[in-house]
Amino acid sequence: MKKHVHDNELVRKLNLIATRMRKKIIEMLYRAKSGHPGGCLSAIDAIVALYFHHMRHDPKNPKDSNRDRFILSKGHAAPALYAVLAECGYFDKKELLRLREINSILQGHPANTLTPGVEVSTGSLGQGLSFAVGVALAGKLDKKDYRVYVLIGDGEAEEGQIWEAAASASHYRLDNLIAMLDRNRLQIDGTTEEIYGLEPIVERWESFGWNVLEIDGHDMKQILDALDKACSFKNGKPTMIIMNTIKGKGVSFMENNLKFHGIAPNEEEYKMAMKELEELERKLEGKK
Ligand SMILES: Cc1ncc(C[n+]2csc(CCOP(=O)(O)OP(=O)(O)O)c2C)c(N)n1
Ligand SMILES: [Mg+2]
């Protein structure tokens, strides 16, 4: 396994990339006039850590059979994935401004037939973990050493299919499968605990036969350390990383604001959001 050195400079660099990705997401949604800002902003730090440091992947060879796979099970956060894939070089960044247009390669939810780097079409919540189980099992049968990473939403984790997949992952001893739960505590129309409570979430996943780690999903060092730790377990179990996050993270008026689950910023909100993110970007660049 590659030994990672999570020094301050690496963390600063990844935080800077995540801030630039947040700007891209806001810009894309503002132009498209639709999309899901909240769940993109809560998930982006983890996606940046995976693509810009942790995962083995090559944008010039997106179908390499030994690549690590990332599956965005909460498909409505597609703009976060698209921003990262474009920044990595999977396709031209100009495409980002055609989000949700007819004939664009970037539709509202990920489509693997349209977008280079997208592993599977998602958006119908609850399905991505099952797909990830299949790909991880295939890796075992083919004696490949790739890993499969999958990001699920906490509202999504209420789906019964998630728990069937969780049980089969431990049955097949898929220690090459690492799931991340975006625990922002909000879903489309309220808090997860009001609508269909998930607690005690750590014990639930453990009882399904998984290793469970719990972290602050906006602390880049904790994300990197948890990913390394997940790769180091040698007990034949899949690993779940519960990431405590804030829906809308990084834009003050979107944080924990249910309104921004599935509504794009208007012009005034767009300008305010960009101003905040630009300030943060300058700080991380070491400028005033
Ligand atoms: C099977 C299915 N049912 C309903 C929806 C509509 N929907 C889109 S996002 C969402 C809420 C998801 O909440 P969560 O998983 O917590 O996402 P996040 O908070 O990360 O945005 C719902 C119900 C869907 N995409 N798929
Ligand atoms: Mg949620």
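The values are calculated or read from the model by the stated rules, or taken from the named source; none is laboratory data. Small disclaimer: the values here were computed from a predicted structure and weren't measured. Cβ sites come from the backbone with ideal geometry, for glycine too, and all protein chains shown count toward neighbours. SASA here: full protein model, heavy atoms, side chains in, ligands and nucleic acids out. Shrake-Rupley method; radii C 1.70, N 1.55, O 1.52, S 1.80 Å.
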By how many degrees, between 0 and 90 and to the nearest 10, does the Cα long axis of helix 78-88 differ from the longest principal axis of the chain? 90
For LYS259, what charge total do you get from the other residues with a beta carbon under 12 Å from its beta carbon, if Lys and Arg give +1 and Asp and Glu give -1? -2
Going through LYS33/LYS74; LYS60/LYS247; LYS221/LYS249 one by one, the pairs whose alpha carbons sit over 24 Å apart turn out to be LYS60/LYS247
Cβ-based net charge around ILE188, under 15 Å, with every Lys or Arg adding one and every Asp or Glu removing one: -4
Taking only Cα atoms and a 10 Å spring cutoff, compute GNM fluctuations for the chain and point out the largest among ALA138, ALA78, ALA46. ALA138
Computing the accessible area with a 1.4 Å probe over protein heavy atoms, can you report the carbon and sulfur percentage for the chain? 50
Heavy-atom accessible area per residue of the chain, all protein chains kept, 1.4 Å probe, expressed in Å², is 44
Quick one: work out the % antiparallel among DSSP beta bridges in the chain, nearest 5. 10
If you average 1/r over all unlike Cα pairs in the stretch 45-192 and invert the result, what Kirkwood radius do you get in angstrom? 15.8
Taking the dipole of the chain about the Cα centre (Lys, Arg +1; Asp, Glu -1; charges at Cβ), the one of SER170, PHE131, PRO200 that reaches farthest to the positive side is PHE131
Partner aspartates and glutamates for LYS24 [C-alpha distance under 16 Å; skip if fewer than 8 residues away on the same chain]: ASP45, GLU87, ASP92, GLU95, GLU267, GLU269, GLU276, GLU278, GLU279, GLU281
Treating only the Cβ of Lys, Arg, Asp and Glu as charged (+1, +1, -1, -1), what charge dipole size does the stretch 8-284 show about its Cα centre? Round to the nearest 20 debye. 920
For a paramagnetic label modelled at 7 Å from the Cα of HIS171 toward its Cβ, which residues of the stretch 191-234 fall within the zone defined by backbone nitrogen distances under 15 Å? 208-210
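Which values, in whole Å and largest first, are the semi-axes of the equivalent ellipsoid of the stretch 140-212 obtained as the square root of 5 times each eigenvalue of the Cα gyration tensor?
The equivalent ellipsoid of the stretch 140-212 has semi-axes of 26, 13, 10 Å.
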In the Gaussian network model of the chain, springs joining C-alpha atoms below 10 Å, which of ILE25, ILE162, ILE44 carries the largest mean-square fluctuation? ILE162
Let me understand the chain better: what is its radius of gyration from the alpha carbons, and its Dmax, in angstrom? 17.8, 53
Find how many whole Å separate the alpha carbon centroid of the stretch 169-235 from the alpha carbon centroid of the stretch 146-164. 9
With only alpha-carbon atoms in the gyration tensor, what are the semi-axes of the equivalent ellipsoid for the stretch 1-67, in Å, largest first? 25, 18, 9
Specify the residue with the greatest mean-square fluctuation among PHE233, PHE52, PHE70, computed from a Gaussian network of the chain linking alpha-carbon atoms under 10 Å apart. PHE233
